[in-house]
Ligand code: TAP
């Protein structure tokens, strides 16, 4: 691990200062990468108390990329206090909303200038295919920053016609105010994008933030911290505390000065977090949790389009995708043809080094996850599902798992009910044209994140959209998320929205002012 001291020249107002840090320097993807590996607190890169570290591993060859400092409860407390100072006394809360927007636009521009470097770091840290990391992991992150930067000076309240106290008159108006110090805890599947979806809305609303990335993929969050200094975001506004969920994540959820927690991750940890938020100080919470999203394919669909979208619906980002089509229902009249087509396409997928431009399928994020996928398939086969393709770890270095197709999946099976979060297509059949029957099966889950339907019958598609219990519905498409469209689940997939105007409400409070004159 080669390190070099980097001095960052911050732009911006009086609060800006040069920041010095020890960067990890390495070459990958024919470029030089430079990124921090320390905590980012109050505008400075610092070691954790006690200096404990976590190894971060490249899943393409299982080598250790570097050691990252691991935040303790005390470190989180320092970060929260810095965020509180920045909110109460700092430049951030004093500047106008439009100036805040300018800073966020500048940050987005810097991310754009470092796009290749960010995508390469994301690729080596999380196994994302580089071309996808450029377009989605980093590309959509930049779009989220620009989208929310544009909202900064458009957040407004209302005037409300209340009854007068005659002969006087009354007026009520509402103000949308930032909440204060917000905590964010995110997963490893889209490390920079999950940070960006939440933090862009959070900062646009005027809050300050303490963020914990997933311990297995923390590097782009730290590179992002560096860019935030260059953009001139004042010290303490953004704090990044890599570390474990049980220690650093839990310390954020429990902290009495944090007033809002935005979380993306599993349903199980979501429940723990909600409990901590309630017990500590009743902090506001939004939860984007697991999914088992149904995709229903009728025999009047455009078959090519259905096959293409089902493939990306399941295999996009090696299945490490929260809205992945976790279960396919295919009408019996086209079932066999459909299965044959997806197997044919799956065979064509190019598995390999995620940095190669021709690769379409990279390694799974980390070893424990890969092991879970192997167990998942074995369990399905044991219960009677048919393994039609894949299902094993590949015999090559790196955490590669073959894209997998399971058919004959019955509703009672484990694989029909639980999320795999990996590249495993689960196919069940349905008969006849009974929409209600298949919707009932599709709704028979505690998850409710996304859903999809392929049919040329617009009435059937709209009836599906009405009756399906999911926060997102795709008709004749899949995975079509956009920074302007609200995103989030129903039932045990959580509550609260990322993206779109609605996401701002997660990070704002409404004050109601009444005056008499
Ligand atoms: P989790 O295990 O829930 O981890 C998510 C984050 O929470 C990580 O940063 C984790 O830290 C932290 N954490 C763990 N225990 C905690 C605790 N007691 N208190 C506070 N924080 C804690 O999920 P995962 O394995 O990273 O991600 C996979 C899951 O996320 C899947 O179920 C997937 O569906 C879901 N997901 C959902 C969405 C949306 S938008 N709904 C998006 C992506 C992923 P560590 O780093 O130490 O684990």
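Key figures for this structure:
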| read-out | value |
| --- | --- |
| Kirkwood hydrodynamic radius of the range 88-201, from inverse mean 1/r over distinct Cα pairs, in Å | 16.7 Å |
| Pair residue 516, residue 350: separation of 7 Å Cα→Cβ label points (nm) | 7.5 nm |
| Estimated [θ] at 222 nm from DSSP helical runs (n ≥ 4, -39500 (n - 2.57)) normalised by residues in the chain, nearest 500 | -11000 deg cm²/dmol |
| Kirkwood Rh, Cα atoms: Rg over Rh of the range 179-226 | 0.95 |
| Three-way shape call for the range 1-160 based on the alpha-carbon gyration tensor, with the a/c threshold at 1.5 | oblate |
| Fraction of beta bridges assigned by DSSP in the chain that are antiparallel (%, nearest 5) | 50 percent |
| DSSP beta bridge pairing in the range 310-467, given as percent antiparallel to the nearest 5 | 35 percent |
| Relative contact order (%) - the chain, alpha-carbon pairs under 8 angstrom, separation at least six | 17 percent |
| Share antiparallel - DSSP beta bridges, the range 403-517, percent rounded to 5 | 10 percent |
| Two-site FRET efficiency, residue 3 against residue 244, from Cβ-Cβ distance with R₀ of 30 Å, rounded to 0.05 | 0.80 |
| Estimated translational D of the range 179-321 in µm²/s (Stokes, Kirkwood radius over Cα pairs; 25 °C; 0.890 mPa s) | 148 µm²/s |
| The chain: angle of helix 267-281 to the longest principal axis, Cα-based, in degrees nearest 10 | 20 degrees |
| Projected label distance in nm at residue 332 and residue 170, using a 7 Å step from Cα toward the beta-carbon | 6.5 nm |
| Cα-based shape type of the range 185-261, given that a ≥ b ≥ c are square roots of the gyration tensor eigenvalues and the cut on a/c is 1.5 | oblate |
| Value of relative contact order over the range 112-240, rounded to a whole percent, pairs C-alpha under 8 Å and six or more apart | 25 percent |
| The range 452-500: radius of gyration over Cα atoms, expressed as a fraction of 2.2 N^0.38 Å | 1.21 |
| Nearest-ten-degree value, helix 73-88 long axis tilted from longest Cα axis of the chain | 60 degrees |
| Percent RCO, i.e. relative contact order, over the range 403-482, from Cα pairs under 8 Å lying at least 6 residues apart | 24 percent |
| The range 331-405 pair-distance distribution - Cα-Cα, 5 Å bins, rounded % | 3, 15, 21, 22, 20, 12, 6, 2, 0 |
| Cα-based shape type of the chain, given that a ≥ b ≥ c are square roots of the gyration tensor eigenvalues and the cut on a/c is 1.5 | oblate |
| With Cα atoms, 0 to 90° folded angle of helix 191-204 axis to the chain main axis | 40 degrees |
| Average projection area in nm² (convex hull over Cα atoms of the range 295-334, one quarter of hull surface) | 2.7 nm² |
| Cβ-Cβ FRET estimate between residue 367 and residue 85, R0 fixed at 30 Å, reported to 0.05 | 0.15 |
| Convex hull projection area averaged over all views, the range 370-517, Cα basis, nm² | 13.8 nm² |
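Rule-based calculations on the coordinates, nothing more; no lab input. On a predicted model such as this, the values are computed, not experimentally measured, just so you know. Glycine gets a Cβ as well: all are built from the backbone with ideal geometry, and neighbour counts include every protein chain shown.
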